[in-house]
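S.K.: Here you go, one structure.
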Amino acid sequence: MTHSADPPYDLVIGLEVHVQLLTESKMFCACSTKFGAPPNTQTCPVCIGMPGSLPVMNRKAFELALKAALALECEIPRMTKWDRKNYYYPDLPKGYQISQYDLPMSRHGGLVISDPKGRFETKRIGILRAHLEEDAGKSMHDEQAGKADSRIDLNRAGTPLLEIVTEPDLRSPAEAKAFLTELKLLLNYLGVSDCNMQEGSLRVDANVNLHVHTPQGPVPTPIVEVKNMNSFRAVERALAYEAQRQYEAWRETGRRLGDVPKQTRGWDESRQATFEQRSKEESSDYRYFPEPDLVPVTVTDEEVERVRASLGELPARLRARLEATYGITPYDSDVLVNQGRALVDYFVALADRCGDGKAAANWIQQDVLRTLNDRQIGIEHFPVSAEALADLIQKVRGGQLETSRGREVLAGMIETGKPADEIMAAMGIRPVDDADLRDLCRELLRANPKIVADLKGGRLKAVGGLVGQAKKRNPNVNPSRVQQLCLELIQEL
Amino acid sequence: MSLTDLTATALLAKLASGDVTSAAITEAFLRRIELHDGQVGAFLRVDRESALAQAEAIDRKRRGGDPVGRLGGLPVAVKDVLCTRGEPTTCASRMLESFRPPYDATVISRLKAADAVLVGKTNMDEFAMGGSTENSAFRPTRNPWDLTRIPGGSSGGAAACVAASMSPLSVGSDTGGSIREPAALCGITGLKPTYGRVSRYGLVAFASSLDQIGPLAWTAEDAALLLEVLAGYDPADSTSVNLPVPRYTETLGQPLENLRIGLVREHFDQGLDGEVEAAVREAIRVFESLGAAVRWISLPHSKYAVATYYIIAPCEASSNLARYDGVHFGYRTDQRAMVAELEAQRKCLEQAGDEAGLDALDNALVRLYRKTRSEGFGPEVKRRIMLGTYALSAGYYDAYYLKALKVRRLVRDDFDRAFGEVDLIAGPVTPTPAFPLGAKIDDPLAMYLFDLYTVSTNLAGIAGISVPCGFSRGGLPIGLHLQSPPFEEERLLRAAHRFQQATDWHRRRPRLAADVA
């Protein structure tokens, strides 16, 4: 059997992403959307579906959705409406979810993804539609001691959700992860959602199948919906697992798309495998129909233009600008931009001040990001200002400090919040007078006849021994200057 | 003449002049309820103490010279479909027998702010589904003119309590005729406002796109008074319309110059009872004698109105009533018995080795839903939930719901065209006077067809009023139906008032023997 680099199929993936919008209040009532409050304390007759209560649309939620849709290059119909999606579940108190069915608030957009590591070509992933809906509550099933006890928290019920549905344009788990990363970044930049998977403000389902290469042409396998993926990494792994599983299933059964009903599988993180979920409850007819309690929403050209103008500089354009303006690599711009707008602002201030974009990018990636990571803080809490760091970088570039000493100084600055000069003084770092250094080198040459002999014999590497001794005598010496002087002075001997 | 024979307007004048107190009026109506409601069954609950306390508080305000609200201490009965804070709001259903909403409906707040005395909640068809009030889970209501007959529905209690002089004013809801039909059968005046005129917030929904709250009273003048209080924009109801509310009582007496009235050819077809037709034609002659020009018009799609209504209303109802699942509020089946039954069934199937049966067996949650809803809803509600669920299902949606929406549009277009030619449309409210209790209970189709003259008003979202216009030889009231373009309640009320100045049908009172008990 021969092993080919490419699998004998194309993997076809479409994603359905639900993101909670960063509104103060819920989609159809004035209750708070704050995460983590005691159960059922953020509820009212409307969001718990009390008889007689009526929904009123949160215009702010609509505006945030509009922002996201425009940033995703979607078309915005000038009229959109609400529909009821009917199904029974205890965390859905009305017995229906207010959603959008056949006239979503946006459709036909796209998001460009690329991989600085080059695992896939830069491509645009189509967005089929993005629509608004309300979230359900949360069910907590406590099944200990055989006493099944379910509890329902309706704090989340009615939280505004934007459902973003992609075209089946993704071809690998890496692309899916890149799409999610880029989407999250975009929504963070827009202030539309914090996309926190732990708190459930971003949830992903994937529709996956294969187009198996056969002599008769590509054959599609049945589509599987994968749920329960709790991190981007889980998405990547679940999709890789599914591809393999579906290929094996195809070889075993030969089943094609249409042979069996659509299956739903859950991702089991502990087993690192997908498992079939009971399809009995899943096979629902949602009986969508227009929501009679809400009026259709009209969107004006002025509103679209106003929101479009408020989008600001989005990640893709920002990366390109950083590369062009500061001469940094796509890899660097990707790392910087992915950290969020605040870090980019820090970088720009730093690069402008120290006059070297590449150095600024390096210092941020090597030292600043490590500190942010270690301390789990954002750049806004980083103790060293861009001005102070620029000052330090200039000292290094000017030869007053070697890089490794510079990093020690930065560590001191981070620790104390003091400027570079003070840290250097405290560390005893001061400029070395060149005449003094010349004297020191002479002394060392005299004291090390063996090294001098080696050097004279052409073994230039031996100068390292002298540099080491010089540093021991005075930690402030510039090693390359020591080397230079020693080689110069040896001619005089 | 006793206080309970007076109209709300007359009582209000007496209150304002200090001739009588709200407490005295309230007490008089409460006595009347105690005397007669055992027979009539208009009320599901009477709040004697709270009503008297409200009346006394309003009297104190008036004595102290403080401003008093528009209804100044008049008793008002409220259909039990409107949420009243902390008090049972049952919709005449087992499902909501113990439900106490934590909030007031907007119209209840408005009534309270207007210093109405809320005397109690009136009986109705369960969840407002029906035209006879026989679908109440608790008791039927009887027609005060003939206790063997239905009062109409679904606001049967609301109409009967006014007709029996147990309350001068009453608030109902109308989804396909539920105010106008019982008003006609009980010989009083009932108005269904334009969709959006009155806030639906706190009205337990039957069919959201059709439901509208409105007043019932003896006279158009009294209905105008109550509508002034009920109507108005409410930001809590997205479908309520932000238009100023005219002072209906002030413009009531203004003449209607060159009034053009249209008679719908299709409404005088077969199926219309001869006595009803005669009374309606006589009423039209009254309008002619008052200077109105009458002409025949056509509403060609009106013949589809009942079919359209009985798709759209059940579709919305099937969704609106999904929340009654025994989980969050209202009735829940006996859980212990349910689990025991389920376990017994499981064991039985296991012993029989019936794999398919086991697979088909409900899980506990589904069984909870099934039993709660089977036990909590009555037959008519179940019928409509099933109709609506079916019509919205995949594969049927286009043929039923979508087609019904299109016909609804055509019905509305018919009215728009007609109102280009006439100012009001007149006709019968019901095909016959009140029928005996039980006469149609086993024939839902006959019951649905009783709505044929009223449902199109709701489908078109326009306004309609029922005005007493005669009696059958058997002494049963007959109603005249007037319909106006949207937000022309003022025109409706002026026409009805003008008619009532020329006739005295609205002054007749049924004779009720005091309860033997």
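S.K.: Could you please state, rounded to a whole Å, how far the C-alpha centre of region B:36-97 is from the C-alpha centre of region A:273-343?
M.R.: Measuring centre to centre over Cα atoms gives 53 Å.
S.K.: What is the spin-label model distance, in nm, from A:Leu487 to A:His211 if the labels are put 7 Å beyond Cα along the C-beta direction?
M.R.: Between A:Leu487 and A:His211, the label points sit 6.0 nm apart.
S.K.: A further question on this structure: Relative to the longest principal Cα axis of chain A, at what angle does helix A:173-190 sit, 0 to 90 degrees, rounded to 10?
M.R.: Orientation of helix A:173-190: about 90 degrees from the principal axis.
S.K.: If each DSSP helix of 4+ residues adds -39,500 (n - 2.57) and the sum is divided by the residues in chain B, what number results at 222 nm, nearest 500 deg cm²/dmol?
M.R.: Values: 18 runs with 211 residues, N = 517.
Value at 222 nm, helices only, nearest 500: -12500 deg cm²/dmol.
S.K.: Stokes-Einstein diffusion coefficient for region A:372-469 at 37 °C in a medium of 0.692 mPa s, Rh from the Kirkwood formula over Cα pairs: what value in µm²/s? Write down the numbers at each step before the final one.
M.R.: On the way: Rh = 16.1 Å.
After rounding, the answer is 204 µm²/s.
S.K.: Give me, ordered by chain and number, the residues 5 or more places off B:Asn123 or on other chains with an amide H under 5 Å from its own placed amide H.
M.R.: Excluding prolines and chain starts, which carry no amide H, the hits are B:Phe43, B:Leu44, B:Gly157, B:Ala158.
S.K.: Tell me the Kirkwood radius of chain A: reciprocal of the mean inverse pair distance over distinct alpha-carbon atoms, in Å. Present the calculation step by step, with values, prior to reporting the outcome.
M.R.: Details: mean 1/r = 0.0367 Å⁻¹.
Roughly 27.2 Å, rounded to one decimal.
S.K.: Give me a single rounded figure for A:43-50: the average over its residues of other chain Cβ atoms within 10 Å of their Cβ.
M.R.: Values: counts 0, 2, 7, 3, 0, 4, 5, 10.
That works out to 4 on average.
S.K.: Determine, at each q value in 0.20 (inverse angstroms), the log₁₀ of I(q)/I(0) that the Debye formula gives when each Cα of region B:325-375 is one equal point scatterer.
M.R.: With no solvent term, the Cα-only Debye profile gives -0.67.
S.K.: What ratio of Cα Rg to 2.2 N^0.38 Å holds for region A:217-336?
M.R.: Scaled against compact globular proteins, the figure is 1.67.
S.K.: Between A:Asp268 and A:Ser139, take the C-beta separation as r, use R0 = 22 Å, and let me know the FRET efficiency to the nearest 0.05.
M.R.: On the way: r = 19 Å, r/R0 = 0.87.
E(calc), rounded to 0.05, equals 0.70.
S.K.: Give the peptides B:12-24, B:115-127, B:76-88 in descending order of average Cβ contacts within 10 Å, highest first. Mind dumping the intermediate values first?
M.R.: Details: B:12-24: 16.4, B:115-127: 28.7, B:76-88: 24.2.
In decreasing order of mean packing, B:12-24, B:115-127, B:76-88 become B:115-127, B:76-88, B:12-24.
S.K.: Along the charge dipole of the protein assembly as shown, pointing to its positive end and built from +1/-1 on Cβ of Lys, Arg, Asp and Glu, which listed residue (B:Leu493, A:Val56, B:Tyr369) has its Cα farthest out?
M.R.: Going by the charge dipole, the pick is A:Val56.
S.K.: While we're on this one: Averaging the inverse of every distinct alpha carbon separation and then flipping it gives the Kirkwood radius. What is it for region B:371-424, in angstrom units?
M.R.: Values: mean 1/r = 0.0727 Å⁻¹.
After inverting the pairwise mean of 1/r, the radius is 13.8 Å.
S.K.: Further, regarding this structure: Pop the C-beta distance of B:Leu147 and B:Asp442 into the FRET formula with R0 = 30 Å and round what comes out to the nearest 0.05. Present the calculation step by step, with values, prior to reporting the outcome.
M.R.: Working: r = 21 Å, r/R0 = 0.71.
Result of the calculation: an efficiency of 0.90.
S.K.: Ranking request for peptides B:343-352, B:322-331, B:207-216, B:238-247: highest mean number of other beta-carbon atoms within 10 Å first, then the rest in descending order. Write down the numbers at each step before the final one.
M.R.: On the way: B:343-352: 12.0, B:322-331: 22.1, B:207-216: 27.0, B:238-247: 15.4.
Packing order, densest peptide first, comes out as B:207-216, B:322-331, B:238-247, B:343-352.
S.K.: For chain A, find the longest principal axis of its Cα atoms and tell me its angle to the long axis of helix A:59-71, 0 to 90°, nearest 10.
M.R.: 60
S.K.: Expressed as a whole number of Å, what is the distance separating the alpha-carbon centroids of region A:13-74 and region B:235-258?
M.R.: The distance from the Cα centre of region B:235-258 to that of region A:13-74 comes to 35 Å.
S.K.: While we're on this one: Over the alpha carbons of region A:186-269, what is the largest minus smallest coordinate on each principal axis, giving the biggest first in Å?
M.R.: Over region A:186-269, Cα extents along the principal axes are 49, 25, 21 Å.
S.K.: Let me know the charge dipole size of region A:9-303 about its Cα centre in debye, to the nearest 20, where only the beta-carbon of Lys, Arg (+1) and Asp, Glu (-1) is charged. Present the calculation step by step, with values, prior to reporting the outcome.
M.R.: Numbers: 37 positive and 43 negative charges, 63 e Å.
That gives a dipole near 300 debye.
S.K.: If you don't mind, another one. Provide a whole-number value for the mean count of partner chain Cβ atoms within 10 Å of the Cβ atoms in peptide A:80-91. Intermediate results must be reported in sequence, preceding the final value.
M.R.: Numbers: counts 0, 0, 1, 0, 6, 1, 5, 1, 8, 3, 7, 1.
Neighbouring Cβ atoms belonging to other protein chains average 3 per residue here.
S.K.: So what's the angle, to the nearest 10 degrees on a 0 to 90 scale, between helix A:463-473 and the longest Cα principal axis of chain A?
M.R.: 90
S.K.: Continuing with this model, one more query. Taking loop as defined by DSSP and a crowding limit of 14 other beta carbons within 10 Å, which GluC sites (Glu not before Pro) in region B:206-294 fit? If you can, show how the numbers build up before the last one.
M.R.: Numbers: sites: B:Glu221, B:Glu228, B:Glu250, B:Glu257, B:Glu266, B:Glu275, B:Glu277, B:Glu282, B:Glu288; in loops: B:Glu257.
Sites meeting the loop and neighbour criteria: B:Glu257.
S.K.: Testing the spin-label approximation: label points 7 Å from Cα along Cα→Cβ at B:Ala337 and A:Lys358. State their distance in nm.
M.R.: Each label point lies 7 Å from its Cα, and together they span 8.4 nm.
S.K.: Which trypsin sites (Lys or Arg not before Pro) does region A:1-92 hold that lie in a coil by DSSP with at most 12 other beta carbons within 10 Å? Each step should come with its number before you reach the end.
M.R.: On the way: sites: A:Lys26, A:Lys34, A:Arg59, A:Lys60, A:Lys67, A:Arg78, A:Lys81, A:Arg84, A:Lys85; in loops: A:Lys26, A:Lys34, A:Arg78, A:Lys81.
Here the trypsin sites (Lys or Arg not before Pro) that fit, given the DSSP loop and packing criteria, are A:Lys34, A:Arg78.
S.K.: Also: Would you mind working out the magnitude of the charge dipole of region A:57-135 relative to its Cα centre, with +1 at each Lys and Arg C-beta and -1 at each Asp and Glu C-beta, to the nearest 20 Debye? Each step should come with its number before you reach the end.
M.R.: Working: 14 positive and 11 negative charges, 30 e Å.
I would put it at about 140 debye.
S.K.: Moving on. So what is the 222 nm mean residue ellipticity for chain A from helices alone, if each DSSP H run of at least 4 adds -39500 (n - 2.57) and you divide by all residues, rounding to the nearest 500 deg cm²/dmol?
M.R.: Working: 16 runs with 191 residues, N = 493.
Value at 222 nm, helices only, nearest 500: -12000 deg cm²/dmol.
S.K.: Using a Förster distance of 25 Å, how high is the FRET efficiency between A:Gln469 and A:Ala435, based on the Cβ-Cβ distance and rounded to 0.05? Provide the component values of the computation, followed by the final result.
M.R.: On the way: r = 19 Å, r/R0 = 0.76.
Step by step, r from the Cβ atoms, then E = 0.85.
S.K.: Which Cα, out of B:Thr7, B:Ala236, A:Ala178, lies furthest along the positive dipole direction of the protein assembly as shown (beta carbon charges, K/R +1, D/E -1)?
M.R.: A:Ala178
S.K.: Let me ask you something else. Counting other Cβ atoms within 10 Å, which chymotrypsin sites (Phe, Trp or Tyr not before Pro) in region A:1-73 have at most 16 and lie in a DSSP loop? Present the calculation step by step, with values, prior to reporting the outcome.
M.R.: On the way: sites: A:Tyr9, A:Phe28, A:Phe35, A:Phe62; in loops: A:Phe28, A:Phe35.
Within region A:1-73, the qualifying chymotrypsin sites (Phe, Trp or Tyr not before Pro) (loop, at most 16 other Cβ atoms within 10 Å) are A:Phe35.
S.K.: Looking at chain B, what % of the alpha carbon pairs are farther apart than 38 Å? Walk me through the numbers on the way to the answer.
M.R.: Details: 32864 of 133386 pairs.
So the portion of pairs separated by more than 38 Å is 25 percent.
S.K.: For region B:150-224, what is the charge dipole size about the Cα centre, in debye to the nearest 20, if Lys and Arg each add +1 at the Cβ and Asp and Glu each add -1 at the Cβ? Write down the numbers at each step before the final one.
M.R.: Working: 4 positive and 5 negative charges, 29 e Å.
Dipole of region B:150-224, to the nearest 20 debye: 140 debye.
S.K.: Let me ask something else. Counting only other chains, what is the mean number of Cβ atoms within 10 angstrom of the Cβ of each residue in peptide B:200-209?
M.R.: Values: counts 3, 7, 6, 3, 4, 6, 0, 1, 6, 4.
So the per-residue partner count for this stretch is 4.
S.K.: Something else about it: Extending each Cα 7 Å along its Cβ direction at B:Asn258 and B:Ala344, get the distance between those two points in nm, one decimal.
M.R.: 7.7
S.K.: Still on this structure, please answer the following. Go through B:Lys14/B:Lys79; A:Lys94/B:Lys79; B:Lys14/B:Lys112; A:Lys60/B:Lys403; B:Lys14/B:Lys121; B:Lys192/B:Lys403 and tell me which ones have a Cα-Cα distance over 28 Å in this structure.
M.R.: Numbers: B:Lys14/B:Lys79 26 Å; A:Lys94/B:Lys79 23 Å; B:Lys14/B:Lys112 20 Å; A:Lys60/B:Lys403 35 Å; B:Lys14/B:Lys121 26 Å; B:Lys192/B:Lys403 26 Å.
The pairs that break the limit, which is 28 Å between Cα atoms, are A:Lys60/B:Lys403.
S.K.: How do A:372-381, A:185-194, A:314-323 rank on mean C-beta neighbours within 10 Å, highest first?
M.R.: Working: A:372-381: 11.6, A:185-194: 20.1, A:314-323: 17.6.
Output ranking for A:372-381, A:185-194, A:314-323: A:185-194, A:314-323, A:372-381.
S.K.: Taking the beta-carbon count within 10 Å as an exposure proxy, list A:His213, B:His481 from fewest neighbours to most. Intermediate results must be reported in sequence, preceding the final value.
M.R.: On the way: A:His213 14, B:His481 28.
Lowest to highest Cβ neighbour count: A:His213, B:His481.
The numbers here are math on the coordinates, done by the rules we state, and not lab data. Worth saying up front: this structure is predicted, and the values here are computed from it rather than measured. Neighbour counts are summed over all protein chains in view; Cβ atoms, including those assigned to glycine, are modelled from backbone coordinates with ideal geometry.
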